[in-house]
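The values are calculated or read from the model by the stated rules, or taken from the named source; none is laboratory data. Only a predicted model underlies this, so the values are computations on that prediction, with no experimental measurement involved. Cβ sites come from the backbone with ideal geometry, for glycine too, and all protein chains shown count toward neighbours. Side chains are part of the model used for accessible areas, which takes the heavy atoms of the whole protein and leaves out ligands, DNA and RNA. Shrake-Rupley method; radii C 1.70, N 1.55, O 1.52, S 1.80 Å.
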Amino acid sequence: MDVAQYLACTLKKLRHDRGLSLSQASEQTGVSKAMLGQIERNESSPTVATLWKIATGFNVPFSLFLVPASPPTQALYSPPLQDMQVEPLFPFDPHLGFDYFSLKLTPGGLSESSAHDVGVIEHVVVISGILDLQIEGRWYQLQEGDRRQFAGDRAHSYRNSQAREVHFHSLIHYPVSGR
Ligand code: MN
């Protein structure tokens with residue numbers, strides 16, 4: 001099953017399991033009913049930011065929507081241009097409560113993330129290239145090897161203002177309670 005098809009099935013199943021109509025799911029996630037329907041029918045591949053809104057609205061880990069990673073993995077999620085490429089490095093384990101991603105952002109790329117669930121903590125480490133990271137309205141420039149931990153439950157953005165791709169890792173720690 002390809003990545004887009006997997007995403008479509010997962011979203012549809014999750015919504016049905018919760019007994020939600022498309023309208024109710026739209027209210028819960030802040031993503032339009034039309035967009036949710038398109039994703040479920042595999043007619044549209046959402047941006048990483050949209051996928052995060054859905055994960056947050058349903059209170060599930062982001063990696064739930066990606067083809068499960070069993071190393072060595074090639075479960076790349078490559079939404080439209082200007083966005084990020086996401087590869088889960090480890091499968092989500094509810095007892096450990098984290099997602100660990102490898103991310104690539106093309107030159108000129110910008111990914112604006114809405115706030116994740118309350119208590120989510122992100123840890124970003126730059127592997128190669130230079131990453132601009134915006135946290136609470138302030139931009140930070142992270143060089144290769146630089147790292148930063150921040151509260152993911154507030155809006156934040158990732159940007160590549162350089163001429164070469166930036167590759168970074170992000171560990172998303174989800175709060176233990178309620179999961
Ligand atoms: Mn984030």
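Summary table
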| read-out | value |
| --- | --- |
| Whole-percent carbon and sulfur share, accessible surface of the chain, 1.4 Å | 53 |
| Fluctuation leader among F98, F62, F150 - the chain, Gaussian network, Cα springs under 10 angstrom | F150 |
| Cβ charges +1 (Lys, Arg) and -1 (Asp, Glu), total dipole of the range 3-65, debye | 60 |
| Assigned charges on the beta-carbon of Lys, Arg, Asp, Glu; the range 84-178 dipole about Cα centre (debye) | 240 |
| Cα gyration tensor category, rounded, prolate or oblate, for the chain with a/c compared to 1.5 | prolate |
| Choice from H156, H169, H95 showing the highest fluctuation, given a GNM over the chain with Cα pairs closer than 10 Å | H95 |
| Computed accessible area, R154, all protein chains, 1.4 angstrom probe, square angstrom | 110 |
| Residue-normalised accessible area of the range 91-147, given per residue in Å² at a 1.4 Å probe | 50 |
| Shape category assigned to the range 3-65 from the gyration tensor of Cα positions, a/c cut at 1.5 | rounded |
| Candidate lysines - alpha carbon under 18 Å from K12, same-chain residues fewer than 8 apart omitted | K33, K53 |
| Ranking by accessible area, most exposed first, for D146, D99 with a 1.4 Å probe | D146, D99 |
| In Å², nearest 10: area of E112 left accessible to a 1.4 Å probe | 120 |
| Accessible area of the range 3-65 divided out per residue, in Å², using a probe of 1.4 angstrom | 44 |
| Estimated [θ] at 222 nm from DSSP helical runs (n ≥ 4, -39500 (n - 2.57)) normalised by residues in the chain, nearest 500 | -7000 deg cm²/dmol |
| Using θ = phi - 60° and Karplus 6.51 cos²θ - 1.76 cosθ + 1.60, couplings along the range 147-157 (whole Hz; Gly, Pro as x) | 9, 8, 10, 8, 6, x, 8, 10, 4, 8, 9 |
| Neighbourhood net charge (11 Å Cβ-Cβ; Lys/Arg +1, Asp/Glu -1) for L105 | 0 |
| Crossing angle, helix 3-17 versus the chain [Cα axis fit, 0-90 degrees, rounded to tens] | 50 |
